[in-house]
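Peer 1: Have a look at this one before I ask anything.
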There are 2 protein chains.
Amino acid sequence: MKVICEGLDLSDAVMKVVKACSTKTTNPILECIKISAKNDGLTLVSTDGEIAIQKKINAEVFEEGEIAVPGKYFSDFIKKLENVQITLSTDGDKLTIQYADAESVIQLLNADDFPSIDMEIGENQFTLLQKDLKELIARTTFCCAQDDSRPVLKGCLIEAKEGMVTFTALDGYRMAVCKRNVISMSEDISVICPARTLNEIARMLAGEGEEIVVYVQKGMMLVSVDDTVLTSRLYDGEFVNRANIIPKSFSSEIVVDCAALAASVDRASILARTDKNSIIVFDIKDGAANVSSNTSIGRVNESVKIMLDGKDVTIALNSKFVSECINAVSDEKTRIGFNGAVAPCVIYPVNGDAYLYLLLPVRTNA
Amino acid sequence: MKVICEGLDLSDAVMKVVKACSTKTTNPILECIKISAKNDGLTLVSTDGEIAIQKKINAEVFEEGEIAVPGKYFSDFIKKLENVQITLSTDGDKLTIQYADAESVIQLLNADDFPSIDMEIGENQFTLLQKDLKELIARTTFCCAQDDSRPVLKGCLIEAKEGMVTFTALDGYRMAVCKRNVISMSEDISVICPARTLNEIARMLAGEGEEIVVYVQKGMMLVSVDDTVLTSRLYDGEFVNRANIIPKSFSSEIVVDCAALAASVDRASILARTDKNSIIVFDIKDGAANVSSNTSIGRVNESVKIMLDGKDVTIALNSKFVSECINAVSDEKTRIGFNGAVAPCVIYPVNGDAYLYLLLPVRTNA
């Protein structure tokens, strides 16, 4: 292989694909970026076995070829060569990088060992605005499970149906549901995508008002922005049926200003964090929600104005979970429904059904 | 104690003094902020036994008194009350914080247990521009020792003499010396100040062209900016005599462009870091310094233009140490003096003696 390319192009591409390089693996080839020189360009690709990212750039190709270069060192190095022209040439298992007055060499791995990656997924798709996809991701993935006890819960259920796409995430303590319109779709889709794939996709999305196509096929998903293509394995498994766990009615419903509630929960959380259950208590009576936390260090006691429809209710919740969900609501006001102290409470919009957060209460001895 | 104050004032003061609260101690009183209400203001002070920070703010005092409040929780809490008026009142060992519709309570410690802190240090002093003090700190403290094997080396030697102040830091592998003019001084001063005190002082300095007075007395140092006063213990001990370790002459001297050398060292460091000694080699021949590193992952080989006076020389250095020192030089060009492969090399200005970095070579088997 022998190619000449611009440092800025190569650096940009390397930075994008290196994110899919594996960082903890016993297989060094998964720490590599595979670079293929063909026709008038370079294709860079990396994968950790779950996510793969590919990016093409223009280059003057004197000799075609394929190499596998250690991702971290190569990216650290190329990042510092943005302003110069770079010549890459191979000699056996060595890559020579020439720039300005310098010549550096990196030891290559065997490109044949690099896993083959299918970047041609195109069977089913749904198309939506980039800004809508970003919001769907931001408002749900934080509720995905972090641990491996039920691996499928580390993913987000994505359902496209009847012109809507719905994201559902749950971790055993809370559930997030978010809906947006699709611009077009091929057929009904229901897949479980790893949260980290979605968070990586969110970082790729730059155009707010532009459209993005999400392709799904045979346990894989593909998203392409400019010349960067991300593919990911999907999870196989059963998700909880939403309809079975969302209450159909509430014995108490409140409407509350999100910012005021978030600020009170925030202050109550400072002390609550010192307690292992991180409990805050909502004591809801006509006209006011009393938000409190009580620990050995002290107690916080605030009153937030509400409109109450139904019975008075007192409920203990995990302060971090409440705080994250309230902060994810971008509306000025929100509704919260309760069915007493030991049933889940549900945060949902004053109008419509764009989002829903369900929170399990914390059992206290009080 | 009973006082009313503005959230913004209290928050600003708490943020400043909480930095001196101890974070790892078996003595909870050192994690506290002591608040004294007297006349028409509050005085907040905290100390970890080494540094103490004090700040005064205006407040309406209805009842004078002194309290000790857990620093971390109080600061986290007050930070979230910047826009409201706050009433602080005590009842026994409880502090009630009233704001808007809320009333929160924090458990107090006994203010009598708080160590007494002398904020009246005024015997000897030197005065310099804030920007000069900032530079003296930024260009030396990174060379202070990090470990406790020789505690005195965790400090910086500060000498004021003949209208100049000189900072010296050394960690056994390298030494940094930086000089600036003083505007005035009372008498010759030679003290060793903890690096962390100096870094804390640097963060307090806001006015570039304004003057700052550094007071020294009986093993203590004091600096005051606006209404914030920082005092610190000084270290007791002997510092290496600079004159004994700085070479008087060099067998080779080069003049080099700092940015070009820094960029080459930076790239060579990426690979060098994978090696435990993190070695880069300077190979200096008439007209060029060859900067290289060589590890199992690859090798970097760059050529940097120089002017050489004296013999050719090859020397192996720790890449991190070289990089940090070169980056601390703000001049366009710098001079480096060598006395062969096994003697220290010295980075110093083309003109004058505003700074000096001395680096010990790494012994290699080659």
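The values are calculated or read from the model by the stated rules, or taken from the named source; none is laboratory data. Just so it is clear, the structure is predicted and the values come from calculations on it, not from any experiment. Here the Cβ positions follow ideal geometry from the backbone for every residue, glycine too, while neighbour counts run over all protein chains shown.
Peer 1: Is it the case that some residue within the range A:191-204 is farther than 21 Å from A:V346 by Cα and more than 16 Å from the chain's Cα centre (by Cα)?
Peer 2: Within the range A:191-204, none of the residues are farther than 21 Å from A:V346 by Cα and more than 16 Å from the chain's Cα centre (by Cα).
Peer 1: Here is a further query. Is it the case that the range A:70-81 has a residue that's closer than 25 Å to A:I29 by Cβ, in contact with a strand residue (DSSP E or B) (Cβ under 7 Å, 6 or more places away or on another chain) and more than 12 Å from chain B (Cβ to nearest Cβ)?
Peer 2: For the range A:70-81, residues closer than 25 Å to A:I29 by Cβ, in contact with a strand residue (DSSP E or B) (Cβ under 7 Å, 6 or more places away or on another chain) and more than 12 Å from chain B (Cβ to nearest Cβ): absent.
Peer 1: Further question: Give me a count of the residues in the range B:342-360 that are surrounded by 17 or more Cβ atoms within 10 Å (Cβ to Cβ), under 14 Å from B:V281 (Cβ atoms) and out of contact with any Cys (no Cβ under 7 Å at 6 or more places or on another chain).
Peer 2: 1
Peer 1: Another question about this same structure. On the given criteria, is A:C325 modelled with pLDDT of 95 or more, of a type outside the set (D, E) and touching a Lys or Arg at 6+ places or on another chain (Cβ under 8 Å)? Talk me through it step by step, then tell me what you get.
Peer 2: Working: modelled with pLDDT of 95 or more: yes; of a type outside the set (D, E): yes; touching a Lys or Arg at 6+ places or on another chain (Cβ under 8 Å): yes.
Spelling it out, A:C325 is indeed modelled with pLDDT of 95 or more, of a type outside the set (D, E) and touching a Lys or Arg at 6+ places or on another chain (Cβ under 8 Å).
Peer 1: Right, another one. Got a sec? Which strands (runs of 3 or more DSSP E) wholly within the range A:189-291 have at least 1 residues that are within 14 Å of chain B (Cβ to nearest Cβ)?
Peer 2: A:252-257, A:279-285
Peer 1: Just name the residue that is modelled with the lowest pLDDT out of those in the range A:118-147 that are more than 20 Å from A:G219 (Cα to Cα) and in a loop (DSSP other than H, G, I, E, B).
Peer 2: Within the range A:118-147, the match that is modelled with the lowest pLDDT is A:D147.
Peer 1: Identify the single condition in (1) without any contact (Cβ under 8 Å) to a residue 40 or more places away in the chain; (2) buried (at least 18 other Cβ atoms within 10 Å of the Cβ); (3) not aromatic (F, W, Y) that B:N318 does not satisfy, given that it satisfies every other one.
Peer 2: Going through (1) without any contact (Cβ under 8 Å) to a residue 40 or more places away in the chain; (2) buried (at least 18 other Cβ atoms within 10 Å of the Cβ); (3) not aromatic (F, W, Y) one by one, B:N318 breaks only (1).
Peer 1: Does B:L157 satisfy the criteria of being under 11 Å from B:R180 (Cα atoms), outside the structural domain of B:I78 (by TED's automatic domain parsing), surrounded by 15 or more Cβ atoms within 10 Å (Cβ to Cβ) and at pLDDT 95 or above?
Peer 2: It is false that B:L157 is under 11 Å from B:R180 (Cα atoms), outside the structural domain of B:I78 (by TED's automatic domain parsing), surrounded by 15 or more Cβ atoms within 10 Å (Cβ to Cβ) and at pLDDT 95 or above.
Peer 1: Further question on the same structure: Restricted to the range A:89-103, and to residues that are in a strand (DSSP E or B) and among the small types (G, A, S), which residue is nearest to the other protein chains (Cβ to nearest Cβ)?
Peer 2: Result: A:A102.
Peer 1: Anything in the range B:327-353 that is assigned to a helix (DSSP H, G or I) and not small (G, A, S)? List them, or say none. Don't jump to the end; show me each part of the working.
Peer 2: As a first pass, look at the range B:327-353 and keep what is assigned to a helix (DSSP H, G or I): B:327-328.
Within the range B:327-353, B:N327 is the sole residue that qualifies.
Peer 1: Another question about this same structure. Please indicate, with yes or no, whether at least one residue in the range A:104-126 is within 14 Å of chain B (Cβ to nearest Cβ), free of Cβ contacts under 8 Å to residues at least 12 places away in the same chain and crowded, with 17+ Cβ neighbours inside 10 Å.
Peer 2: yes
Peer 1: Still on this structure, please answer the following. Being free of Cβ contacts under 8 Å to residues at least 12 places away in the same chain and farther than 24 Å from B:C144 by Cβ: is that true of B:N351 here?
Peer 2: Details: free of Cβ contacts under 8 Å to residues at least 12 places away in the same chain: yes; farther than 24 Å from B:C144 by Cβ: yes.
So B:N351 fits the description; yes.
Peer 1: Additional query: Suppose we keep only residues that are under 16 Å from B:Y357 (Cα atoms) and among the polar types (S, T, N, Q) within the range B:298-346. Which one would you say is farthest from the chain's Cα centre (by Cα)?
Peer 2: B:N339
Peer 1: Separate question: Hey, among the residues in the range B:28-50 that are of a type outside the set (V, I, T), surrounded by 18 or more Cβ atoms within 10 Å (Cβ to Cβ) and under 13 Å from B:A111 (Cα atoms), which one's farthest from the chain's Cα centre (by Cα)?
Peer 2: Among them, the one singled out is B:A37.
Peer 1: Every residue in the range B:64-88 that is in contact with a Gly (Cβ under 8 Å, 6 or more places away or on another chain) and either part of a strand (DSSP E or B) or aliphatic (A, V, I, L, M) (or both), please.
Peer 2: B:I78, B:L81, B:V84, B:Q85, B:I86
Peer 1: Across the range B:82-95, what is the total count of residues that are without any contact (Cβ under 8 Å) to a residue 24 or more places away in the chain and either out of contact with any strand residue (DSSP E or B) (no Cβ under 6 Å at 6 or more places or on another chain) or buried (at least 16 other Cβ atoms within 10 Å of the Cβ) (or both)?
Peer 2: Total satisfying the criteria: 3.
Peer 1: Could you pull out the residue among B:E324, B:E302 that is within 11 Å of chain A (Cβ to nearest Cβ) and not in a loop (DSSP other than H, G, I, E, B)? Before the answer, list the steps.
Peer 2: Details: B:E324 fails: within 11 Å of chain A (Cβ to nearest Cβ).
Exactly one of B:E324, B:E302 is within 11 Å of chain A (Cβ to nearest Cβ) and not in a loop (DSSP other than H, G, I, E, B), namely B:E302.
Peer 1: Go through the range A:1-63 and tell me which strands (runs of 3 or more DSSP E), entirely inside it, have 1 or more residues that are touching a residue at least 60 places away in the same chain (Cβ under 8 Å) and acidic (D, E).
Peer 2: Details: elements: A:2-6, A:32-38, A:41-47, A:51-58, A:60-63.
Where strands (runs of 3 or more DSSP E) fall fully within the range A:1-63 and carry at least 1 residues being touching a residue at least 60 places away in the same chain (Cβ under 8 Å) and acidic (D, E), they are A:2-6, A:60-63.
Peer 1: Could I ask something else about it? Considering only the range A:160-179, how many residues are surrounded by fewer than 22 Cβ atoms within 10 Å (Cβ to Cβ) and more than 24 Å from A:C345 (Cβ to Cβ)?
Peer 2: So the count comes out to 4.
Peer 1: Only one of these is closer than 30 Å to B:G49 by Cα and in contact with a Gly (Cβ under 6 Å, 6 or more places away or on another chain): B:L234, B:L230. Name it.
Peer 2: From the options B:L234, B:L230, the qualifying one is B:L234.
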